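Following: one structure in structure tokens, then a few remarks.
The values are calculated or read from the model by the stated rules, or taken from the named source; none is laboratory data. Remember, predicted model here, so these are calculated numbers, not experimental data. Here the Cβ positions follow ideal geometry from the backbone for every residue, glycine too, while neighbour counts run over all protein chains shown. With ligands, DNA and RNA removed, areas are computed over all heavy atoms of the protein, side chains included. Shrake-Rupley method; radii C 1.70, N 1.55, O 1.52, S 1.80 Å.
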Amino acid sequence: MARPTLEDIAKIAGVSRATVSRVVNNHPNIRESVRERVQQVIDEVGYHPNIAARSLVTQQSGIIGLVIPRNIATFFSDPYFPRLTEGIARACNQYDYTLSLFLLATEEDERKLFPRISQSSLVDGIIVQATHLGDELLPKLSEGNVPFLVAGRPVNVEDASYIDVDNVAGAQNAVAYLIRLGYRRIATITGALNSSAGKDRLQGYREALSERGLSIDSDLIIEGDFTETGGYFAAKQLLNQRPDAIFVGSDTMALGVSRALQEEGVRIPEDIALVGYDDLPPAQLITPQLTTVRQPIQRFGFQAVELLLDIIQNGTHPPRRVILGTELIIRDSCCEPQYGPARSTP
């Protein structure tokens, strides 16, 4: 059987070819009764539009790009990225878009990517993982014509649209919980401090201590890099400062911290309490299970697509700013007061 054409659909539905074309391309100025009749015929005959031809008409590719700058290794090893990508892919499927993934390893990769996506109809829009301070990719995108959304608060572009979680409040709640349990020498291993997530989670840590009258000891603050290895070596360094609790800026780093403490014979939570950030699957696989700040990673990815589609359809101004909440998930890596060592409460 020959592949049905727009003319075939039009003849069966009793409308013009132009009307069928407008229905296929989601044109708004179609009576709902006509749209339903045409769509019913489309479903019955199994019509699928020619994507290349439709792109020529609409000047859209039907493709959304996900750009992960300089993170190829961590993309495949950090559970955060698969969950983010799953949420983005679900939204793309729901809204009939194709997801194209751009993994960049070097600054040179970024320089090569920008002309490809800014001077052609390769993608309709881009979701780009928040880059670090000094990175040139976001400023270049801001000067171009391709709609884009940043996943995470950008640190070097003021007027960009972005979606993020409330990292300050998430960290603040985690550290406040440790203080309520009676811990006083609370250390932190931050994420990279040239990123907004690293800076904001450190800010939340500082605010929790200050609001409860505890001094901020710079010796208890170690910068990490969001990797398990970074958490491991930061924990080794912190042990000389004798903390009684550690707030870690990501679950992946917390895995490294747990391994380092166990190697040194330090018990969790009896000797040192441990709190992470993300609530990734490994948080429940280690012993003891990790108390952590849950961020809605898959919903974050899904809403990122919805925001980008709004930008594509309605323009870049005003910039969109969406902040999602977090939740403290209490497990076994912190002592309840009645089981922990005697401590004074504020």
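In the neighborhood of residue 187, defined by Cβ-to-Cβ distances under 10 Å, what is the net charge if each Lys or Arg adds +1 and each Asp or Glu adds -1?
Numbers: positive: 185, 242; negative: 217, 219, 244.
Here the charged neighbours net out to -1.
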Simple spin-label estimate for residue 35 and residue 136 in nanometres, 7 Å along Cα-Cβ: 4.5 nm
Rounded percent of accessible protein surface that carbon and sulfur make up, the range 190-237, 1.4 Å probe: 46 percent
Exposed-site-free run, longest, the chain (rule: GluC sites (Glu not before Pro); DSSP loop; at most 16 other C-beta within 10 Å): 1-135
³J(HN,Hα) computed for each position of the range 14-23 - Karplus, 6.51 cos²θ - 1.76 cosθ + 1.60, integer Hz, glycine/proline x: x, 10, 7, 4, 4, 5, 4, 4, 5, 5
Surrounding net charge for residue 150, when Lys and Arg each add one and Asp and Glu each subtract one, Cβ distance under 12 Å: -1
Area of residue 162 that stays accessible when all protein chains are in place (1.4 Å probe, Å², to 10): 30 Å²
Degrees, to the nearest 10: 228-238 long Cα axis against longest axis of the chain: 20 degrees
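Which value, in debye to the nearest 20, describes the size of the charge dipole of the chain about its Cα centre when Lys and Arg Cβ atoms bear +1, Asp and Glu Cβ atoms bear -1, and nothing else is charged?
On the way: 33 positive and 42 negative charges, 128 e Å.
Taking the Cα centre of the chain as origin, the dipole is about 620 debye.
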The chain: relative contact order in percent, alpha carbon pairs under 8 Å with at least 6 residues between: 17 percent
Calculated from backbone phi, Karplus (6.51, -1.76, 1.60) coupling profile of the range 258-268 in Hz, x at Gly/Pro: 4, 5, 5, 5, 5, 4, 8, x, 8, 8, 10
Hz values of 3J(HN,Hα) by residue in the range 208-224 - Karplus curve (6.51, -1.76, 1.60), Gly and Pro given as x: 4, 5, 5, 5, 10, x, 9, 6, 9, 9, 5, 5, 9, 10, 10, 7, x
Chain lengthening between residue 101 and residue 289 when straightened (0.36 nm per residue, less Cα-Cα): 64.4 nm
Degrees, to the nearest 10: 297-314 long Cα axis against longest axis of the chain: 40 degrees
Mean Cα-pair separation over length for the range 90-240, i.e. relative contact order, pairs under 8 Å, 6 or more apart, %: 17 percent
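What FRET efficiency comes out for the pair residue 109/residue 210, r = Cβ-Cβ distance, R0 = 56 Å, nearest 0.05?
Working: r = 41 Å, r/R0 = 0.73.
So, using R0 = 56 Å, E works out to roughly 0.85.
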For the range 73-149: relative contact order, % (alpha-carbon pairs under 8 angstrom, 6 or more apart): 23 percent
Net lengthening on full extension, residue 158/residue 240 (0.36 nm per residue, minus Cα-Cα): 25.5 nm
Amide proton proximity set for residue 65, modelled H, under 5 Å, gap of 5+: 100, 124, 125, 126, 127
Degrees, to the nearest 10: 107-118 long Cα axis against longest axis of the chain: 30 degrees
Estimated 222 nm signal from helices in the chain, with DSSP H stretches of n ≥ 4 weighted -39500 (n - 2.57), rounded to 500: -13500 deg cm²/dmol
